[in-house]
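Visitor: Got a structure here, written out as structure tokens. Questions coming.
The values are calculated or read from the model by the stated rules, or taken from the named source; none is laboratory data. Worth saying up front: this structure is predicted, and the values here are computed from it rather than measured. Reconstructed Cβ throughout: ideal geometry from the backbone, glycine too, with neighbour counts over all protein chains shown. Accessible surface areas use protein heavy atoms only, side chains included; no ligands, DNA or RNA. Shrake-Rupley method; radii C 1.70, N 1.55, O 1.52, S 1.80 Å.
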Amino acid sequence: ASGGPFRKLSLKKFKDILLKDALKHPNWSMGKKITIDSATMMNKVFEIIEAKKIFDLNYKQLEILTHPKSYLHAIVKFNNGLSKLLVHDTDMKIPIFNSIYFNTEKKLKSKNIDIKALNNLNLKKIDNIRFPVIKILNNLSNEDSLFETVIVSANDKLVKLFLNNKIKSVSYTHLRAHETR
């Protein structure tokens with residue numbers, strides 16, 4: 001996760017977040033819905049749920065890290081002890097292309113790997129105070145359930161309300177205890 005537009009924002013200023021602020025992602029150009037999901041880190045909650053389901057993993061095997069440059073997209077540790085990094089520019093054409101043309105000979109022209117970016121990955125654990133939605137993952141069962149569907153539906157409704165200026169972006173009561181951060 002990049003940390004989105006609020007990675008460094010003082011917690012005291014969260015109560016003043018406007019829609020236009022939430023739509024200013026520092027690295028990606030995306031539609032409004034996914035940009036809001038990125039600003040709250042809900043997109044990472046969804047990605048953890050997807051990875052758990054797709055790869056038949058346990059939630060404890062998955063972790064979200066912040067990487068401000070959005071260059072590193074995944075670290076996979078294999079049973080044989082090897083770890084592999086998935087690295088590419090902040091261009092959604094790359095993952096979309098690879099989803100559509102997986103296992104084909106088609107090629108996508110892209111930029112070369114930025115070695116300077118690799119030398120400064122700046123990985124950090126996710127800040128659960130700044131992004132409290134991540135705590136939802138602590139409540140998910142490793143058993144199949146419809147709870148994930150409920151989360152997606154609730155998020156869709158909340159984002160729509162936020163985009164239409166019907167609600168504020170977060171509940172600020174949980175932030176007050178941490179304002180000295």
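Visitor: Given Cβ point charges of +1 (Lys, Arg) and -1 (Asp, Glu) and nothing else, what value in debye, to the nearest 20, does the dipole of the range 117-171 about its Cα centre take?
Guide: 420 debye
Visitor: Treating only the Cβ of Lys, Arg, Asp and Glu as charged (+1, +1, -1, -1), what charge dipole size does the range 1-73 show about its Cα centre? Round to the nearest 20 debye.
Guide: 360 debye
Visitor: Let me ask another. Taking the highest mean first, how do the peptides 100-111, 136-147 order by number of other beta carbon atoms within 10 angstrom per residue?
Guide: By packing density, highest mean first, the sequence is 136-147, 100-111.
Visitor: Given 20 °C and 1.002 mPa s, compute D for the range 1-103 with the Stokes-Einstein relation, Rh being the Kirkwood radius over Cα pairs; round to the nearest whole µm²/s.
Guide: 140 µm²/s
Visitor: For the range 1-144, what does the accessible surface come to per residue with a 1.4 Å probe? Please give it in Å².
Guide: So the range 1-144 comes to 69 Å² accessible per residue, rounded to a whole number.
Visitor: Calculate how large, on average over all directions, the projected area of the Cα convex hull of the chain is; give the answer in nm² to one decimal.
Guide: If you wrap the Cα atoms of the chain in a convex hull and average its projections, you get 12.4 nm².
Visitor: What is the extension gain from residue 78 to residue 21, computed as 0.36 nm multiplied by their sequence separation minus the C-alpha to C-alpha distance, in nm to one decimal?
Guide: So the chain would gain 16.6 nm between residue 78 and residue 21.
Visitor: If you don't mind, there's one more thing I want to ask. Using label points projected 7 Å from each Cα along Cα→Cβ, tell me how many nm separate residue 98 and residue 143, to one decimal.
Guide: Reported label-point gap for residue 98 and residue 143 is 3.5 nm.
Visitor: If you build the convex hull over the alpha carbons only and average its shadow over all orientations, what do you get for the range 22-73? Give it in nm² to one decimal.
Guide: The orientation-averaged projected area of the Cα hull of the range 22-73 comes to 3.9 nm².
Visitor: I would also like to ask the following. Calculated from DSSP H runs of 4 or more alone, at -39500 (n - 2.57) each and per residue, what is the 222 nm mean residue ellipticity of the chain, nearest 500?
Guide: After summing the helix terms and dividing by residue count, I get -9500 deg cm²/dmol.
Visitor: Mean Kyte-Doolittle hydropathy of -1.0 or higher plus an axial Cα length of 15 Å or more: which whole DSSP H helices in the chain meet both?
Guide: Long hydrophobic helices here: 42-55, 147-163.
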